[in-house]
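Asks: Once you've had a glance at the structure underneath, I'll fire off some questions.
The values are calculated or read from the model by the stated rules, or taken from the named source; none is laboratory data. What you are looking at is a predicted structure, and each value in this text was computed from that prediction instead of being measured. All Cβ positions, glycine included, derive from the backbone under ideal geometry; neighbour counts span all protein chains shown.
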Amino acid sequence: MTYLVNIDSKSEIRKQVLARRDALPAPERRALSTRITTRLLALEAYRSARCVMAYASFGSEFETAGFLADVLAQGKKLVLPRVERGSRMLQPHAVDDPARQLAPGVWGIPQPRADECPPVPASQLEFVLVPGVAFTGRGERLGYGGGYYDGFIRGLASRPHLVAAAFELQLLPELPSTDRDQAIDLVVTEDAEYGVLAGC
């Protein structure tokens, strides 16, 4: 299912979709997140990956805790991004214990502590879970407006599988885009997978 918005401004789309996402009751958000996690863990692209980059969820986002736990339980290398505000860049860092090794970073989002989590070369990444506000079934992505992930993806020398986990209410038929906006390979919702990796 795709949802409609009546405007083509990125900022207005963010406002509408985030309001819709924020309105999800916490128990429903947890239940939908569990369904999404089940779909993520079944992906061959995930099962075969040895080094997985994800993120610690914040606010009303898809709850990543279950996914992060599985990455560690499967013996994969878990990598989380650290935002460097000055350079506006994401730096991947290895994390062994999210409960202990994360601290609030930019906008209060949990990120790896630089003194405990070593940096990881982006060339090692095989699967990247990418956050975002809204997506299309073709893998187009609208982020939070900072451009961090667009810049990170654009700078990758080799492309890992780029996958987003989102609620169906975040899926739109169209999104405004520019040359700087980077598409992803797959969007996984509670009901389906959309994109070039669908069925993989």
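Asks: Tell me, yes or no, whether the range 129-138 has at least one residue that is at pLDDT below 95 and under 11 Å from the mean Cα position of the chain (by Cα).
Replies: No, there is no match, as no residue in the range 129-138 is at pLDDT below 95 and under 11 Å from the mean Cα position of the chain (by Cα).
Asks: Please state which one of Glu174, Glu116 is touching an Asp or Glu at 6+ places or on another chain (Cβ under 9 Å), assigned to a loop (DSSP other than H, G, I, E, B) and under 19 Å from Val71 (Cβ atoms).
Replies: None of the others qualify; the one that does is Glu116.
Asks: So, in the range 127-145, how many residues would count as being surrounded by fewer than 18 Cβ atoms within 10 Å (Cβ to Cβ) and either among the acidic types (Asp, Glu) or free of Cβ contacts under 8 Å to residues at least 60 places away in the same chain (or both)?
Replies: Residues meeting the conditions: 1.
Asks: Shifting gears a bit: Among the candidates Leu68, Leu32, Leu24, Leu43, which residue alone is surrounded by 13 or more Cβ atoms within 10 Å (Cβ to Cβ), touching a helix residue (DSSP H, G or I) at 6+ places or on another chain (Cβ under 7 Å) and among the hydrophobic types (A, V, I, L, M, F, W, C)?
Replies: None of the other options fit; the residue is Leu68.
Asks: Okay, moving on. (1) assigned to a loop (DSSP other than H, G, I, E, B); (2) surrounded by fewer than 22 Cβ atoms within 10 Å (Cβ to Cβ); (3) among the hydrophobic types (A, V, I, L, M, F, W, C): which one isn't true of Trp107, the others all being true?
Replies: (1)
Asks: Also, quick follow-up: Out of (1) in a loop (DSSP other than H, G, I, E, B); (2) surrounded by fewer than 18 Cβ atoms within 10 Å (Cβ to Cβ), the odd one out for Ala99 is which?
Replies: (1)
Asks: Considering every residue within the range 127-141, establish whether at least one is closer than 18 Å to Phe67 by Cβ and in contact with a Cys (Cβ under 8 Å, 6 or more places away or on another chain).
Replies: yes
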